[in-house]
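Everything below concerns the one structure shown next.
Bear in mind that the values in this text are calculations on the coordinates, not laboratory data. Fair warning: this is a prediction, and the values are worked out from it, not measured in the lab. All Cβ positions, even for glycine, are placed from backbone atoms using ideal geometry, and neighbour counts span all protein chains on display.
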Amino acid sequence: MRNDTQGLEGGTTLVLGGTGKTGRRVVERLAARGLPVRVGSRGGTPPFDWQDETTWQPALQEVQAVYVTYVPDLAFPGATEKVEAFSALAVREGVRRLVLLSGRGEEAALLAEEVVRNAGAEWTIVRASWFNQNFDEGMLLPAVIQGEIAFPAGDTPEPFIDADDLADVAVAALTDGRHAGQVYEVSGPRLLTFGDAAMEIGKALGRDVRYVPISAEQYAAALAENGGPVEFAELVAEVLDGRNAYLSDGVRRALGREPRDFADYARETAASGVWTG
């Protein structure tokens, strides 16, 4: 594989989901390196919306690399078809490199991976499961603040990955042709149950944070009550069945270093004050 960093410096990198957990970090890293980057979001300039295909072509102007994240998730109905149509358009518009954020252990995500591989551009797949940052930037933040995390994860171990590590892998793939054709399955350095994660967070905060296992049906009802996507409960139940209970070396292979431990994430996040409410 060759190093094509120089060849892409003249073009812009489009970061879909550029205000989300990983996309925001990818944007920040590219901008810090002085590389032209475009935020792909409904509030971007120009705007990008997965559900409005008329926004795709303007967002792709003068773009040579794309970080592809699908919202809400690649496992949702219609996701593969959207990713396939977008990837084909991107290649027609001159995009040379596609980096896809995929779901580790998600059967439907494999279909999206296949269409990206066959789109006609250099490709890299980054597979991830649960982010550390789900506890402070997403759906679990209110629960941590309240001290009780009710979630349908049972006692299944998970290889939590830090979003900063994932963003570093994505940026490497976007800017260096040596990562073309690679599938990086990323994880943290150890497996933790959600109970373990709650304990680490509580230790960092100096107070009790409990994990309370609930059923997928109870979680679906809670999502419905709060206006969330009920389909997400089914996806959670599917991937939290132990299929991801192993560590992988994607961070080490891509970056030549070890991933960040959850305890380090918890200490840094506790110090930020976000969990104090």
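Brief remarks on what is shown
- By DSSP, the beta bridges lying fully in the chain are antiparallel in about 5 percent of cases.
- Neighbours of Ala31 by Cβ distance under 13 Å: Lys/Arg scored +1, Asp/Glu scored -1, total +4.
- Bridge type composition, the stretch 1-143 - antiparallel percent by DSSP, nearest 5: 5 percent
- Angle between the chain longest axis and helix 163-175 axis [Cα atoms, degrees, rounded to 10]: 10 degrees
- Net charge of neighbours whose Cβ lies under 13 Å from the Cβ of Glu81, counting Lys and Arg as +1 and Asp and Glu as -1: -2
- For the pair the stretch 144-190 / the stretch 198-277, the C-alpha centres are spaced 11 Å from each other.
- About its Cα centre, the dipole of the stretch 165-258 is roughly 440 debye, where the only charges are +1 on Lys and Arg Cβ and -1 on Asp and Glu Cβ.
- Angle between the chain longest axis and helix 107-117 axis [Cα atoms, degrees, rounded to 10]: 20 degrees
- By the count of other C-beta atoms within 10 Å, a proxy for reagent exposure, Leu223, Leu30 are ordered fewest to most as Leu223, Leu30.
- In degrees, nearest ten, helix 216-225 long axis to first principal axis of the chain (Cα): 80 degrees
- Sequence-separation-based contact order of the chain, relative, with Cα cut under 8 Å and 6+ spacing, percent: 18 percent
- Across the options Ser41, Pro142, Val26, the greatest Cα extent toward the positive end of the charge dipole of the stretch 1-159 (unit charges at beta carbon of Lys, Arg, Asp, Glu) belongs to Val26.
- Check: the chain dipole with +1 on Lys, Arg Cβ and -1 on Asp, Glu Cβ, in debye: 920 debye
- With neighbours defined as other Cβ atoms within 10 Å of a residue's Cβ, the residues Leu111, Leu235 order from fewest to most as Leu111, Leu235.
- Sites Arg253 and Ala221 - FRET efficiency at Förster radius 41 Å, r taken between beta-carbons, to 0.05: 0.50
- Along the chain, longest interval not containing exposed trypsin sites (Lys or Arg not before Pro), exposed being DSSP loop plus at most 14 other Cβ atoms within 10 Å: 43-189
- Taking Ser87, Ser272, Ser248 and counting other C-beta atoms within 10 Å, the order from fewest to most: Ser272, Ser248, Ser87
- Rounded to the nearest 20, the Cβ-based charge dipole of the stretch 61-141 about its Cα centre (Lys and Arg +1, Asp and Glu -1) stands at 220 debye.
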